[in-house]
Amino acid sequence: MAIVIIRQDDKIESWMTAIKAAAPEIPVYSYLEDHPKDEIDMALVWKHPEGVLNQYSKLKCIASSGAGVDFIFEDRSAPENLPITRVVDPMLASDMSEHVIALIFGYLKNLNQYKIDQLNRAWNPRPYHRITDFTVGILGLGELGKLLAKDLYHLGFKVQGWSQTKKTIEGVLSYSGSEELPLFLKGTQILICLLPLTVETTGFLNSNLFQQMPKGTYVINVARGGHLVDNDLLEQLETGHISGAALDVYHQEPLPVEHPFWTHSKIHMSPHCASVSDTASVVPQIIANYKRVLAGEPLLHQVSRNRGY
Ligand code: NAP
Ligand code: GLV
């Protein structure tokens, strides 16, 4: 009875340390070390290499160490009958909210342009915007979108959101379903994508969607690179229909150096770091789920295989 950690970055050690500190009685292994594969009940994964998960014949649960699970569904070789869990964590939500709010203020106050001006030693004061000037529209009012919506409302922004099902959030106009999407888009001037990447949402941020928004809309994608059609964004930036974009996520990560986003003056980039699972904050729910797996109890934060999130 044990947990294996499978990920390709340099964080295996810190997750192992955090699990051992919180529950020294639970055996936990890195997938890179020699370990008893037939004793593994839970795989704690983040962008694992394809083909690894089906090496564990007794596996009972696949746990994403982040909010998203798209990379698990993308692995066609992963066992199809096992429950998948994800992270729901207040710190992950507040980190995301702080990141997006920083991006919105950067846009309101022209901070990206001033950085470019500074590099060119150009003295170029520009008109700036205020909180009350714009309606912010959030695609996805789940764990992350919901907190962001509340925080923006409390800062004084006009806020609306779009999700599969209607929400009741103080000060936030809620739209749902494809029939209400056009109305949501028409009234949005700063668009934030916080949808999960699923079959339905792949390529969602495309020219057709952008064209339904007011001229000058600013786009922030902090969800997944697969939501965005890169060439459509470039086209819309060229025509000025979209005034600028802030991107944290990309089709390929790291983004290849030749990609046009790197040098685009209207695109602000960050390297998929908007909100990163904090091991100390997240490990208690991983351990709780491990114990539930062993006890055969319902799991926390289990995703729906049908919906894909
Ligand atoms: P979540 O709680 O599952 O919320 C997803 C939201 O999207 C829900 O409101 C859901 O509607 C809505 N939705 C899903 N499919 C839809 C569709 N086809 N049409 C309309 N609405 C749809 O997810 P979360 O925890 O907020 O996380 C969202 C995503 O953020 C993650 O999946 C991940 O990709 C990304 N993320 C990025 C970072 C980063 O550092 N850049 C960090 C963490 C997470 P219902 O509420 O009606 O179901
Ligand atoms: C990060 O991208 C996450 O899904 O937690």
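The values are calculated or read from the model by the stated rules, or taken from the named source; none is laboratory data. Just so it is clear, the model here is predicted, and its values are computed rather than measured. Cβ placement follows ideal geometry from the backbone for every residue including glycine, while neighbour counts extend to all protein chains displayed. Heavy atoms of the whole protein, side chains included, go into the accessibility calculation; ligands, DNA and RNA do not. Shrake-Rupley method; radii C 1.70, N 1.55, O 1.52, S 1.80 Å.
Quick look at the values:
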{"item": "Answer from Leu237, Leu247, Leu233 - the residue that is within 14 Å of ligand 1 (Cβ to nearest atom) and either in the same structural domain as Lys167 (by TED's automatic domain parsing) or at pLDDT below 95 (or both)", "result": "Leu247"}
{"item": "Selected residue (criterion: most open to solvent (accessible area, probe 1.4 Å)) from residues of the range 131-186 that are within 16 Å of ligand 2 (Cβ to nearest atom) and small (Gly, Ala, Ser)", "result": "Gly142"}
{"item": "Selection within the range 162-180 - more than 8 Å from ligand 1 (Cβ to nearest atom) and not in a loop (DSSP other than H, G, I, E, B)", "result": "Ile169, Val172, Leu173, Ser174, Tyr175, Glu179, Glu180"}
{"item": "Hey, Arg305 out of contact with any Leu (no Cβ under 7 Å at 6 or more places or on another chain) and either crowded, with 16+ Cβ neighbours inside 10 Å or closer than 29 Å to Gln164 by Cα (or both) or not", "result": "yes"}
{"item": "Pro284, sole failed condition from (1) assigned to a loop (DSSP other than H, G, I, E, B); (2) away from ligand 1 (no atom under 16 Å from the Cβ); (3) not assigned by TED's automatic domain parsing to the domain that holds Gln118", "result": "(1)"}
{"item": "Pairs with Cβ under 7 Å, 6+ apart, first in the range 59-83 and more than 11 Å from ligand 1 (Cβ to nearest atom), second open to solvent by 20 Å² or more (accessible area, probe 1.4 Å) and charged (D, E, K, R)", "result": "Asp75/Glu50; Ser77/Glu50; Leu82/Lys60"}
{"item": "The range 108-146: number of residues that are within 13 Å of Ile192 (Cα to Cα) and assigned to a helix (DSSP H, G or I)", "result": "3"}
{"item": "Pro260 vs. criteria under 30 Å from Ile19 (Cβ atoms), open to solvent by 40 Å² or more (accessible area, probe 1.4 Å) and in contact (Cβ under 8 Å) with a residue 24 or more places away in the chain", "result": "no"}
{"item": "Residue list for the range 190-212, filter: more than 21 Å from the chain's Cα centre (by Cα) and either crowded, with 17+ Cβ neighbours inside 10 Å or closer than 28 Å to Lys109 by Cα (or both)", "result": "Ser207, Gln211, Gln212"}
{"item": "Residues (hydroxyl-bearing (Ser, Thr, Tyr) and within 16 Å of ligand 1 (Cβ to nearest atom)) located in the range 84-114", "result": "Thr85, Ser94, Ser97"}
{"item": "Filter result for the condition that a residue is within 13 Å of ligand 2 (Cβ to nearest atom) and farther than 23 Å from Leu247 by Cα, over Val69, Val45, Val87", "result": "Val45"}
{"item": "Residue in the range 282-297 that is among the hydroxyl-bearing types (Ser, Thr, Tyr) and farther than 25 Å from Asp41 by Cα present", "result": "no"}
